[in-house]
Amino acid sequence: MTASPVLDLRNITKRFGDTLANDDVSVSLAKGEVLALLGENGAGKTTLMSILFGHYTPDAGTVHVEGRELPPGKPRAAIRAGVGMVHQHFSLATNLTVLENVMTGTESLLRLRSDTRAARARLDDVSQRFGLVVDPDARVGDLSVGEQQRVEILKALYNDARILILDEPTAVLTNIEAEKLFRILRDMARQGLSLIFISHKLHEVLAAADRIVVLRGGKAVAERRAADTSKEELAELMVGRRVERPRREAATPGETVLEARNVSLSGSKGLSHVNFALRAGETLGIIGVSGNGQTALAHLASGLVRHEEGDLILFGNPVGKASVRAFIEAGVGRIPEDRNAEGAVGDMTIWENAILERIWSPTFSRHGLIDRAAARRFAAEIIKAFDVRGGAPDKRIRLLSGGNMQKLILGRNLHEQTKLLVAAQPTRGLDEGAIASVHTRILDARKKGAGVLLISEDLDEVIQLADRIQAIVKGRLSPPVAADQADARMLGLMMAGDWDKAGHVAGRGTHEI
Amino acid sequence: MMELFDIFASAGLWAAVLRIATPLIFGTLGALLCERVGVLNLGIEGIMTFGAMIGWLTVYQGGDLWLGLLAAAFFGAMFGLLHAVLTVPFGLSQHVAGLGITLFASSLSYYVFRLAVPVASSPPTIEPFRPLQIPFLSDLPFLGTALFNQTAPTYLAIAVALALSYVLFRTPLGLAMRMTGENPHGAEAQGVNPVAVRFGAIIAGSALMGVGGAFLTLSAFNSFFPTMMQGRGWVCIALVVFASWNPGRALLGALLFALFDAYQLRLQTVIGKTVPYQLFLMIPYILSIAALAVMARRARVPQALMQPYRRGER
């Protein structure tokens with residue numbers, strides 16, 4: 001590093017009980033630089049940034065901003081020194097306006113009147129300068145997640161932040177929003193701001209950062225310039241061993257397990273005249289920017305809602321009414337889109353969560369009483385078979401990491417012979433190691449003859465796992481293309497709704513089902 | 001049938017509305033202040049009872065009427081402090097802590113009252129606040145009697161509502177309070193101390209509740225009896241929801257409830273011979289529930305209401 005760093009974290013150590021969250025970590029940041037902090041969940045990235053911002057007091061080590069040492073544990077001091085933090089879970093008040101959120105804490109509490117006029121002008125100025133346009137009078141709860149994040153960034157910039165820290169900024173964004181965000185971040189760096197962003201996504205640290213620091217098990221294990229490294233190297237550094245995502249073998253499709261003919265579902269995020277057919281032993285990938293009807297499709301395929309028009313045929317029988325129980329009993333397994341909201345009950349134990357979907361089955365209950373022994377045995381089997389780390393049948397499920405919770409959900413669905421697996425955003429928010437193991441399980445299920453309906457925003461994932469791909473745009477589905485003939489450009493066009501053009505690009509890509 | 005409408009034409013009705021509304025205004029504003037920073041204060045019924053008792057006792061012992069109000073505010077604040085300690089640093093269930101305070105404060109008021117005043121056949125009385133004569137306004141025909149023939153605390157209640165509205169929506173302090181009630185973690189990330197804000201608002205809000213109770217013994221009536229609160233505190237809790245946590249609407253809500261109440265009192269004298277009076281007593285509550293059902297559907301509840309705040313935890 002040539003110039004003196006604007007930010008210097010020296011020998012930070014932080015211990016939580018028995019775990020060493022940060023072990024003698026040193027990181028520095030130059031003016032105008034974009035630094036990525038890469039690491040798996042639990043590697044200590046967020047802890048490190050929370051220490052920098054004063055949310056936690058370190059056990060050892062110091063934080064220097066522009067040469068001056070920050071007092072530990074004082075967010076206010078960090079703000080005053082020009083550090084702004086954009087939290088992963090936004091710290092916004094949804095019932096207040098954008099302007100009110102931004103203004104909070106910026107004026108002396110003893111002032112008899114807020115100077116909203118000056119604040120508005122200043123907010124306007126900041127948002128123009130960095131291209132972060134938001135209506136200052138909008139209620140934050142009415143904004144999209146991407147816009148809310150913009151408010152979060154504006155809040156920091158409003159406080160004269162010269163160093164901006166973003167904790168997993170893309171975790172909640174769609175791909176398009178993420179790209180837009182990184183353009184804005186690059187632009188900020190050009191204007192002299194220094195940025196650190198936390199991520200576990202390889203492609204985005206390579207695309208957006210100048211320099212990458214890899215954290216593993218609380219230690220800074222490597223530092224690379226983005227230009228001098230590769231996805232493979234970073235993945236290995238991050239996980240500590242070679243990780244390879246499993247490869248798909250050729251499919252041997254059997255009978256049709258789920259077919260939709262002209263299926264429609266009303267509502268702003270519904271479906272209109274959707275056609276697809278999924279056969280046993282193959283994976284049908286549905287790609288699209290989230291919010292285009294994926295949720296409705298997943299709900300439809302798992303029996304949560306009933307279609308209003310057209311025919312939905314499950315294992316050869318037309319679906320009459322929506323019944324989750326009937327679907328599960330027929331052999332449908334489900335990985336819900338939002339595992340915390342629909343997949344698991346956080347404060348209940350792992351064994352309770354494991355049998356929740358089959359609570360009526362004679363295996364687990366008799367005469368209205370739960371057979372706890374059988375349930376615990378079942379949970380223990382899943383934990384073992386699916387390598388749910390840190391899991392024990394009587395542990396509350398919220399104590400598991402996202403990846404391990406997902407493995408448990410997969411396990412309870414795939415344990416018995418599943419004939420149709422509906423996997424909605426199965427790897428959202430998971431790190432490399434967990435992604436690879438979830439992918440392996442999905443491919444296994446397919447190999448054993450399950451039809452897999454994979455709904456995902458992640459192009460790489462869909463290309464790797466699916467045999468055929470359809471795009472979902474505003475509730476409509478494109479005709480299928482074979483995954484072997486699809487490339488990122490073509491899928492991009494399909495996701496934009498230009499599937500006629502995409503089909504053209506693909507040439508023979510579309511084939512009849 | 002015309003008699004039912006004639007009631008509205010009497011200046012006495014409107015004077016009664018303001019009088020009945022006053023303790024509700026104080027109580028509702030107090031509860032609203034607590035809830036705006038994210039803490040439900042069900043201690044209100046007890047705090048109002050204690051305020052009524054201590055205000056009365058202060059005057060009975062020879063204190064000035066204003067000193068009585070001040071005492072009620074002070075002891076209200078002390079109960080608020082207790083509630084704040086239980087709910088903010090300890091993070092106990094706000095429901096349980098609040099109900100506990102109501103039970104504690106109610107029985108304590110009766111105990112203190114009995115210590116000071118031995119059992120008597122009729123409760124001893126004091127000389128309450130007199131209506132404030134406002135030059136010119138009080139002499140207006142109809143309006144003078146209807147609106148400008150009240151005691152000083154009634155005008156104070158209206159002033160407090162306007163002041164609270166200003167503080168909440170126009171000052172940095174108010175913004176810090178609202179932020180704390182919506183997202184205390186967010187408030188802290190912007191340098192606001194949510195613990196201090198919560199303590200301050202709960203203490204101030206509880207002081208207002210105490211004053212609301214004292215109005216009953218120092219202005220509306222002239223004596224204290226332990227059952228006199230009659231659920232007014234609970235009405236205030238409902239009015240906060242009705243008002244959508246907005247002081248201006250809290251004022252309107254309290255006046256509306258008081259109108260129902262004043263109206264039913266007069267209705268009893270008009271047609272009370274044919275219909276049991278207990279039916280009329282229910283009217284304000286039934287109408288309140290109806291109004292609440294309509295209004296509360298659109299209410300924007302402070303997002304952190306009833307959530308204890310712990311630093312570093314989400």
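For segment A:52-67, does any single residue satisfy the condition of being open to solvent by 40 Å² or more (accessible area, probe 1.4 Å) and at the interface with chain B (Cβ under 8 Å from one of its Cβ atoms)?
There is at least one residue in segment A:52-67 that is open to solvent by 40 Å² or more (accessible area, probe 1.4 Å) and at the interface with chain B (Cβ under 8 Å from one of its Cβ atoms).
Residues are listed down the side, and each one gets a yes or a no for (1) farther than 22 Å from A:Leu430 by Cα; (2) surrounded by fewer than 18 Cβ atoms within 10 Å (Cβ to Cβ):
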site: A:Thr363; (1), (2): yes, yes
site: A:His367; (1), (2): yes, yes
site: A:Asp371; (1), (2): yes, yes
site: A:Ala380; (1), (2): yes, yes
site: A:Ile383; (1), (2): no, no
site: A:Gly390; (1), (2): no, yes
site: A:Arg398; (1), (2): no, yes
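This table checks each residue for (1) closer than 21 Å to A:Pro253 by Cα; (2) in a helix (DSSP H, G or I); (3) within 19 Å of the chain's Cα centre (by Cα); (4) not assigned by TED's automatic domain parsing to the domain that holds A:Leu278.
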| position | (1), (2), (3), (4) |
| --- | --- |
| A:His439 | yes, yes, yes, no |
| A:Leu443 | yes, yes, no, no |
| A:Arg446 | yes, yes, no, no |
| A:Gly449 | yes, no, no, no |
| A:Val452 | yes, no, no, no |
| A:Glu461 | yes, yes, yes, no |
| A:Gln464 | yes, yes, yes, no |
| A:Ile469 | yes, no, no, no |
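Among the numbered criteria (1) within 26 Å of A:Ala392 (Cα to Cα); (2) open to solvent by 50 Å² or more (accessible area, probe 1.4 Å); (3) in contact with a strand residue (DSSP E or B) (Cβ under 8 Å, 6 or more places away or on another chain), which single criterion is violated by A:Glu342?
(3)
Please enumerate the residues belonging to segment B:212-237 that are more than 11 Å from the chain's Cα centre (by Cα), in a loop (DSSP other than H, G, I, E, B) and buried (at least 24 other Cβ atoms within 10 Å of the Cβ).
Once the filter is applied, which keeps residues that are more than 11 Å from the chain's Cα centre (by Cα), in a loop (DSSP other than H, G, I, E, B) and buried (at least 24 other Cβ atoms within 10 Å of the Cβ), segment B:212-237 yields only B:Phe224.
In segment B:291-311, what count of residues is obtained for those that are more than 14 Å from chain A (Cβ to nearest Cβ) and open to solvent by 50 Å² or more (accessible area, probe 1.4 Å)?
5
Any residue that is basic (Lys, Arg) and either without any contact (Cβ under 8 Å) to a residue 40 or more places away in the chain or in the same structural domain as A:Ile176 (by TED's automatic domain parsing) (or both) - is there at least one of those in segment A:242-254?
Yes: segment A:242-254 contains one or more residues that are basic (Lys, Arg) and either without any contact (Cβ under 8 Å) to a residue 40 or more places away in the chain or in the same structural domain as A:Ile176 (by TED's automatic domain parsing) (or both).
Could you list all residues from segment B:184-206 that are open to solvent by less than 20 Å² (accessible area, probe 1.4 Å) and assigned to a helix (DSSP H, G or I)?
Within segment B:184-206, B:Pro184, B:Gly186, B:Ala187, B:Ala189, B:Pro194, B:Val197, B:Arg198, B:Ala201, B:Ile202, B:Gly205, B:Ser206 qualify.
Out of the residues in segment A:328-339 that are in contact (Cβ under 8 Å) with a residue 40 or more places away in the chain and in a helix (DSSP H, G or I), state the one that is nearest to A:Ala379 (Cα to Cα).
A:Arg339
If you go through segment A:96-117, how many residues are polar (S, T, N, Q), at the interface with chain B (Cβ under 7 Å from one of its Cβ atoms) and buried (at least 20 other Cβ atoms within 10 Å of the Cβ)?
So the count comes out to 2.
State yes or no: is A:Arg15 away from chain B (no Cβ under 14 Å), open to solvent by 10 Å² or more (accessible area, probe 1.4 Å) and touching a strand residue (DSSP E or B) at 6+ places or on another chain (Cβ under 9 Å)?
Yes: the conditions hold for A:Arg15.
Starting from segment A:419-444, keep only residues that are on the phi > 0 side of the Ramachandran plot and modelled with pLDDT of 85 or more, then list their pairs with residues that are aliphatic (A, V, I, L, M) and not in a helix (DSSP H, G or I) whose Cβ atoms are within a distance under 8 Å, requiring at least 6 positions of separation or different chains.
Cβ pairs passing all conditions: A:Gln425/A:Ile455.
What do you reckon, is B:Leu140 more than 14 Å from chain A (Cβ to nearest Cβ), closer than 23 Å to B:Ser10 by Cβ and without any contact (Cβ under 8 Å) to a residue 60 or more places away in the chain?
yes
So, in segment A:18-43, exactly how many residues are open to solvent by 10 Å² or more (accessible area, probe 1.4 Å) and modelled with pLDDT under 90?
The number of residues fulfilling the criteria is 7.
Name the one entry in A:Ile212, A:Ile184, A:Ile196, A:Ile163 that is farther than 18 Å from A:Gln88 by Cβ, among the β-branched types (Val, Ile, Thr) and more than 14 Å from every other protein chain (Cβ to nearest Cβ).
Residue meeting the stated conditions: A:Ile212.
Starting from residues that are touching a residue at least 60 places away in the same chain (Cβ under 8 Å) and surrounded by fewer than 24 Cβ atoms within 10 Å (Cβ to Cβ), keep the ones in segment B:165-177 and report whichever is nearest to the other protein chains (Cβ to nearest Cβ).
Checking each candidate, the answer is B:Leu168.
Only one residue in B:Leu32, B:Leu42, B:Leu13 is aliphatic (A, V, I, L, M), open to solvent by less than 10 Å² (accessible area, probe 1.4 Å) and closer than 24 Å to B:Pro302 by Cβ. Which one?
The match here is B:Leu32.
Take A:Asp160 and decide whether it is touching a residue at least 60 places away in the same chain (Cβ under 8 Å), more than 24 Å from A:Asn292 (Cα to Cα) and part of a loop (DSSP other than H, G, I, E, B).
So A:Asp160 passes the test.
The values are calculated or read from the model by the stated rules, or taken from the named source; none is laboratory data. From a predicted model like this one, the values you see are computed outputs, not experimental measurements. Cβ sites come from the backbone with ideal geometry, for glycine too, and all protein chains shown count toward neighbours. Please note that ligands, DNA and RNA were not included when accessible areas were found on the heavy atoms of the full protein model with its side chains. Shrake-Rupley method; radii C 1.70, N 1.55, O 1.52, S 1.80 Å.
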